[in-house]
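Asks: Here it is, the structure, as structure tokens.
Taken together, the values in this text are just the output of simple stated rules run on the coordinates, not laboratory data. Please read all numbers here as calculations on a predicted model, not as lab measurements. Every residue, glycine among them, receives a Cβ derived from its backbone with ideal geometry; neighbour counts consider all protein chains shown.
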Amino acid sequence: MVAFYGVGDGGCLVSAPAELAGMFCRGGGGVVVQQQQQRKRSLVAASAVAAADCVVRAAKRQRQQQPPSLDALPDECLFEVLRRLPGGRERGASACVSRRWLALLCSIRASELNQATAAAAPPSLPDLNEEFVLEEEEKESSPVVDPCVERVLEGKEATDVRLAAMAVVAGSRRGLEKLAVRGSHPTRGVTDRGLLAVARGSPNLCSLALWDVPLVTDAGLAEIAAGCPSLERLDITRCPLITDKGLAAVAHGCPNLLSLTVESCSGVGNDGLRAIGRSCSKIQALNIKNCARIGDQGISSLVCSATASLTKIRLQGLNITDASLAVIGYYGKAVTDLTLVRLPAVAERGFWVMANAAGLQNLRCMSVTSCPGVTNLALAAIAKFCPSLRQLSFRKCGHMTDAGLKAFTESARLLESLQLEECNGVTLVGILDFLVNCGPKFRSLSLVKCMGIKDICSTPAQLPLCKSLQFLTIKDCPGFTDASLAVVGMVCPYLEQVDLSGLREVTVRGLLPLINSSEGGLVKVDLSGCKNITDAAVSTLVKGHGKSLKQVSLEGCSKITDASLFAISENCTELAELDLSKCMVSDNGVATLASAKHLKLRVLSLSGCSKVTPKSVSFLGNMGQSLEGLNLQFCNMIGNHNIASLEKQLWWCDILA
């Protein structure tokens, strides 16, 4: 029988230890082992509780020591705090705290800022002294404020973070109004997020240009359309991810669009232009380049819809046919400027129908490049049915000849300017016939790289005069020599500006008749690259027209020496720009120019003059305060030390070295 013992007053019965151990354990030491394990567990539990208490106390002490921070707030609360910042400076400073703050500031719309300002606390009694001070500050700072905020991001600077910061800072001045993104960072380029920040912070954006931005998609353009309803000018160039959906969003959200440029965007097609034509009835300028998916349907739809407002059209590198030109000729009643470049599918019939449609009554400027459809028949039709034409330019149009030029002259009596470049079917006979029969308002003629311009075998004894021509450019025409120049000089006695650059065969014999027959006084003469021009020609030029000459260029004329500078310093009183690059002038010639007190040069170029030495530095330093630009590039004899001393003397002058 087991013996039990009473313990205390509670009536608890406890058996004897020895007997109790025999009842629950087989071995005699079982109770001892169990007690040791219990002690270990209690010690471990006590240490864990003590460690937890230490962690809690440390956290409490840390919270007590650290000041309260706004970063502990969730985004919703921090958004409301930032939305109530009083001004643009505060928002700009807050944007510099962290990217989280910048992102939250970018997500605030301009309308939400206005609501937060309107919901501010009611104003107290005004402080008259403070009002007076504020009025004075506003008066002093008002001339400095520019109401038009314009920003440009280029190359590696074009990132979402920079664009977002720019939008936040500009938000204090009604937001951005003109934005151009040219290029993109190779790894962190501008994406839809950057455009989202602009759309939310700049509701008054009126001009947007995106060049070479490959990461922007239709979603970013849609955000701009939704947030910037005042957008008037859109230029997207080489943006492969923008498609018709983006243009449709712009058409829906920006009905006041005035100018659209789309270049090398492979995703844009006819549907996008149709959407613009349906919704943007005020569009004035259309510029489409190198878009393979745009054809006759897109161009025709937009031109028909904007017949009353469209004034400028430029089409380049498109797969359009005669149908598009026919629509332009019939519906382009407001068109004043038309440019057509590289349209291989447009034939002679297209130009003829465009002119005969009689819709281009207001056309003033026309430029055609690399279009095989330009022939004599097309040229005659354009002259006959475009009575307001003032400026005409043809480049690389090989099917045009003297006959077409003559027919054009008979009808286009208001023409003021004609430019021909690489039109090899035109000869000097056709040009002289044109000059004789042109209208009284004709002012400017330019012939560039026309291989058909050559000397004529026989010249009439008496040549009629073209008294209206004032600006003559004949460049890089290898067949144009002294005989041709002499004839042109006698036909045009009232020239003011003459550009003969690149005519290597012209000498003083051809230049003298032009100089002597000019009665009005030459103002600008460019003889760059005329390697056979000598000091005698320059001396004759400045003696006859020194009082009227304002700009002379002798770049690359290797036979020009100090003698020409002596003649210029003695005879020229109005000369402002002189280019002597790669000429054989020396320090003596520079000293002569510097000593001429009546000569007030603004721009002087001595680039590549190998005979100019450090001795000229002191002479150039005495040129006077009229000198604004000085080019000393590739003057190897002048060292960096002399350039530095010259920059100190001419601190107001822009020196290139």
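Asks: Could you tally the net charge around Gly430, taking each other residue with its Cβ under 11 Å from the Cβ of Gly430, Lys/Arg +1 and Asp/Glu -1?
Replies: -1
Asks: Met451 to Thr573: extension gain in nm, 0.36 nm per residue of separation minus the Cα-Cα distance?
Replies: 40.1 nm
Asks: Rounded to the nearest 0.05, what FRET efficiency do Asp235 and Cys54 give with R0 = 41 Å and r taken as the Cβ-Cβ distance? Could you check?
Replies: In this case the efficiency is close to 0.05.
Asks: Taking the Cα centre of each part, how many Å lie between segment 396-424 and segment 617-657?
Replies: Going from one Cα centre to the other spans 47 Å.
Asks: Could you work out how far the C-alpha centroid of segment 357-383 sits from that of segment 149-167, in angstrom?
Replies: Computed from Cα coordinates, the inter-centre distance equals 43 Å.
Asks: Sticking with the crude label model, points 7 Å out along Cα→Cβ, report the distance from Arg413 to Asp654 in nm, one decimal please.
Replies: 4.6
Asks: Quick check for you: which residues of segment 294-311 have the amide N under 13 Å from the point 7 Å beyond the Cα of Ser388 toward its beta carbon?
Replies: Zone members listed by number: 308-311.
Asks: Of the cross-linked pairs Lys282/Lys475; Lys454/Lys550; Lys597/Lys648, which ones have a Cα-Cα span greater than 32 Å in the structure shown?
Replies: Among Lys282/Lys475; Lys454/Lys550; Lys597/Lys648, the Cα-Cα distance tops 32 Å for Lys282/Lys475.
Asks: Can you find, among Cys397, Pro387, Ala412, the residue farthest towards the positive end of the dipole of segment 366-429? Put +1 on the C-beta of Lys and Arg, -1 on that of Asp and Glu.
Replies: Positive-end residue among those listed: Pro387.
Asks: Net charge around Ser605, counting only other residues with Cβ within less than 10 Å of its Cβ (Lys, Arg = +1; Asp, Glu = -1)?
Replies: With Lys, Arg at +1 and Asp, Glu at -1, the neighbours total -2.
Asks: Same structure, new question: If the label point is 7 Å along Cα→Cβ of Arg342, which residues in segment 360-388 have backbone nitrogen under 19 Å from it?
Replies: Taking a point 7 Å out along Cα→Cβ of Arg342, the residues of segment 360-388 whose backbone N falls under 19 Å are 367-374.
Asks: Give the separation of the Cα centroids, segment 175-195 to segment 288-317, in Å.
Replies: Taking the Cα centre of each part, segment 175-195 and segment 288-317 sit 27 Å apart.
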